[in-house]
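A short worksheet on the structure shown next.
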Amino acid sequence: MTRHQADVIIVGAGLSGLYAALLIDSSRTVDLLVKSALTESNSNLAQGGIAAELNHEKRLIEAHIDDTIKAGSHLNDVRAVRALVNEAHENIHTLLALGVAFDTDEHGTMKTTREGGHRTPRVLHSGGDQTGKDIINALHRAVKKRPNITVHEHTTAIDLIVEDGRVHGLSGLDHDHAIHLYFAPHTVLATGGIGAVYAASTNSPVATGDGIAMALRAGVRVEKMAFIQFHPTAFFDPAKPEGRRFLISEAVRGDGAVLRNIEGDAFMKKYHPDGDLAPRDIVSQAIHREMYDTWCDHVTLDTRHLDTAYLSQRFPTIHQALKQHGITLGEDLIPVAPVQHFTIGGIKTDLEGRTTMPGLYALGECASTGVHGANRLASNSLLECVVFGRRIAESINQNPLPVSRLALDNTFPGSAPYNYAPVRKKLGLMMEEHVGIVRTAKGLTKAKEELSAMRKTLVRYPNRHPRYHETLNMITVALAVVDDALARPTSIGAHFRIN
C-alpha cells in the first residue's frame with residue numbers, strides 16, 4: 001500500500017479538473033488522478049462551445065442570466081447564475097492566456113453563434129465544432145509545464161478518506177490493481193457525469209458517476225439527480241442502438257437547420273415559440289412525442305436549404321462523421337434522436353465549490369452549483385467549469401491547511417477479473433426503459449427494486465478491481481436518480497412524469 005502526500009488532490013482531468021489545477025498556486029503540490037489516459041474525458045467531446053458575453057454591457061449580461069434561469073425552469077440559484085455570467089469575461093481571457101485559440105473573423109474578433117435557449121449569439125467556439133478538444137489540448141500542454149502538478153494516469157479513485165467529519169484524501173487503484181492512499185488537506189472531485197449508466201449516451205464510457213457515488217457513500221449531500229438532460233440531436237444509427245452516440249451540435253440548428261418528423265413536417269413551432277432553438281428539455285420531449293405519434297424511432301435534421309461549403313467548414317467534425325455514413329451536410333436529411341447527455345444535479349456545493357463536508361470540493365458535471373436549475377442552457381457547462389474552477393482554486397490558495405498524518409490500516413479485498421458486463425448491460429437498458437425522457441411511478445418503482453437487488457449483490461461480493469468499483473458506482477448513482485425522480489411527482493425541466 002503506497003502513500004502519497006500533496007497539498008491538493010484533484011480527481012478528473014476534463015476541463016474542470018485541468019483548469020482548477022492550473023489556477024492552484026504553483027507553490028502548492030497537486031496530485032491529479034485520471035482514471036484512464038489524460039486525453040479521455042467528456043470535455044474533449046464538446047462540440048458547441050462556451051457561452052460568454054464578452055461585452056460587459058448590463059443589457060447583455062442580464063439577458064444571459066435571464067436565459068439561463070428560464071431554461072432552468074427557475075429552479076436555479078440566482079447567486080450562482082450571476083457569478084457564472086459576470087465572471088465569464090475574466091475566465092475567457094485566462095483560457096486565451098493558456099493557449100486556447102477561439103475562432104475569429106477576418107478582423108481578429110472572436111466569432112459567436114446562437115444555440116437553443118439563447119436570445120443572442122454569445123457562444124464562442126474553436127476549430128468550428130471541436131471546441132472541447134481544442135481547449136483540452138491547450139490545457140494539457142500547460143499542465144505538462146507545471147512541475148507542481150503530478151499526473152497519475154490509469155488510477156481509479158475508490159473512496160474518500162473521512163475522519164472526524166472531514167475529508168483527508170482518498171484511496172485508489174493503479175493499473176496493476178495495487179492500493180494507493182492519497183492524502184491532502186484539500187480534495188476536489190471533478191469526475192464528470194453518469195452517461196455510462198444509460199445504454200446509449202453522448203458521453204465517454206469513463207463517465208460512470210464515480211465522484212457522486214463516492215460522495216454518497218461518505219454522507220456528502222447530493223441533490224437534483226432526477227434532472228438528466230437528453231440531447232435532442234444525437235445521430236441515429238439503427239446498427240448501433242447502444243454505446244456512445246455521435247452528437248450533432250445544437251449550433252447546427254443555430255445556423256438554421258430544421259427538425260422534421262418522418263412525414264416531413266417541421267414540428268417545433270407547435271411546442272415552443274422559439275421553435276428549433278427552444279431549450280433542450282422542450283426539444284427532446286417534443287421529439288419524443290413526434291416519434292411516438294409517427295411510430296418511428298427517429299426524426300430528421302434538415303440542412304438542405306443551407307450552403308454545403310459553409311457547413312463543411314463550420315462543422316468539420318460533424319461533416320466528416322456523417323460522410324462515413326454516406327450523408328452530406330446541406331444535401332441529405334440527418335436521422336437524429338434524443339439521448340442521455342448531461343447530469344444536471346450532483347454533489348451540492350456553495351459558490352466556492354465547497355461541499356457539505358470540510359476538505360471536499362466538487363466541480364464540473366459531478367457538482368450541483370445551482371447554475372442549471374432543472375435544465376441546462378446550452379454551452380453553459382464549459383463556462384461553469386472555468387468560473388467555479390477559478391473560485392475553488394482561489395479558495396484553496398487562500399486557505400492553507402496542515403497536511404494529514406492519518407495512519408490507516410484498512411483491509412482491501414483481493415482482485416479478480418470477474419465479468420460485470422451483463423450487469424452493466426441490464427442496468428443501461430433498465431434506465432433507458434424506466435428512467436428516460438418520460439417516466440412513470442410504476443416504471444421508477446420497478447427500477448428501484450431491481451437496482452436495489454443488484455447493489456446488494458455487488459456489496460456482498462467486493463472485488464479490488466476497477467470494473468467492480470465502476471459498476472458499483474453506476475448502480476449507486478442510478479438509484480440516486482430513481483429516488484429523486486420518485487420524490488418528484490410533478491414534471492419540471494428535464495424531469496417529465498406522466499403519472
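Every number here is computed from the coordinates shown, using simple stated rules; none is lab data. Everything quoted here is computed from the prediction, not taken from an experiment. Cβ: placed from backbone, ideal geometry, glycine included. Neighbour counts: every protein chain shown.
Miscellaneous remarks
- Among 117-129, 55-67, 192-204, the order from most to least packed when residues are scored by Cβ within 10 Å on average: 192-204, 117-129, 55-67
- A simple charge model with +1 on the Cβ of Lys and Arg, -1 on the Cβ of Asp and Glu and nothing else charged puts the dipole of the chain at about 980 debye relative to its Cα centre.
- The chain: calculated mean residue ellipticity at 222 nm from DSSP helix runs of at least 4, using -39500 (n - 2.57): -11000 deg cm²/dmol
- Ratio of Rg to Rh for the stretch 135-184: 1.09 [Cα atoms; Kirkwood radius as inverse mean 1/r over pairs].
- Rounded to the nearest 20 debye, dipole of the stretch 381-441 from Cβ charges on Lys, Arg, Asp, Glu: 80 debye
- Virtual paramagnetic centre 7 Å along Cα→Cβ of W295, amide N under 15 Å, in the stretch 225-267: 262-263
- Rounded D (µm²/s) - the chain, Kirkwood Rh over Cα pairs, Stokes-Einstein at 25 °C, 0.890 mPa s: 107 µm²/s
- The packing ranking of peptides 356-363, 209-216, 108-115, highest mean first, is 209-216, 356-363, 108-115, where packing means the average number of other beta carbon atoms within 10 angstrom of each residue.
- When both the stretch 349-378 and the stretch 415-461 are represented by their alpha-carbon centers, they are found 26 Å apart.
- Gain in span if fully extended, E90 to D350, counting 0.36 nm per residue against the direct Cα distance: 91.6 nm
- Gain on full stretching of the segment that runs from R79 to E433 - 0.36 nm per residue minus C-alpha separation: 123.8 nm
- Tensor-based shape of the stretch 224-361 (alpha-carbon gyration tensor, a/c under 1.5 rounded, otherwise prolate or oblate): prolate
- About its Cα centre, the dipole of the stretch 20-140 is roughly 260 debye, where the only charges are +1 on Lys and Arg Cβ and -1 on Asp and Glu Cβ.
- Placing R0 at 56 angstrom, the Cβ-Cβ distance between S26 and A441 gives a FRET efficiency of 0.55 after rounding to 0.05.
- Cα-only Debye scattering, the stretch 403-499: base-10 log of I(q)/I(0) at q = 0.11, 0.12, 0.15, 0.26 Å⁻¹: -0.42, -0.49, -0.66, -1.33
- Convex hull volume per residue for the stretch 145-211, taking Cα atoms only, in Å³: 122 Å³
- Taking label positions 7 Å along the Cα-Cβ direction at both S452 and T39, the computed distance is 4.5 nm, reported to one decimal.
- Simple rule: put +1 on each Lys or Arg Cβ and -1 on each Asp or Glu Cβ in the chain, find the dipole, and look at A362, H89, A52; the Cα lying farthest toward the positive end is A362.
- Additional length obtainable on full extension of the chain from L401 to T150, 0.36 nm per residue less Cα span: 88.4 nm
- Computed E for H272/E394 - FRET, C-beta separation, R0 51 angstrom, nearest 0.05: 0.85
- Listed residues L259, T411, V220: farthest to the positive end of the dipole of the chain (Cβ charges): T411
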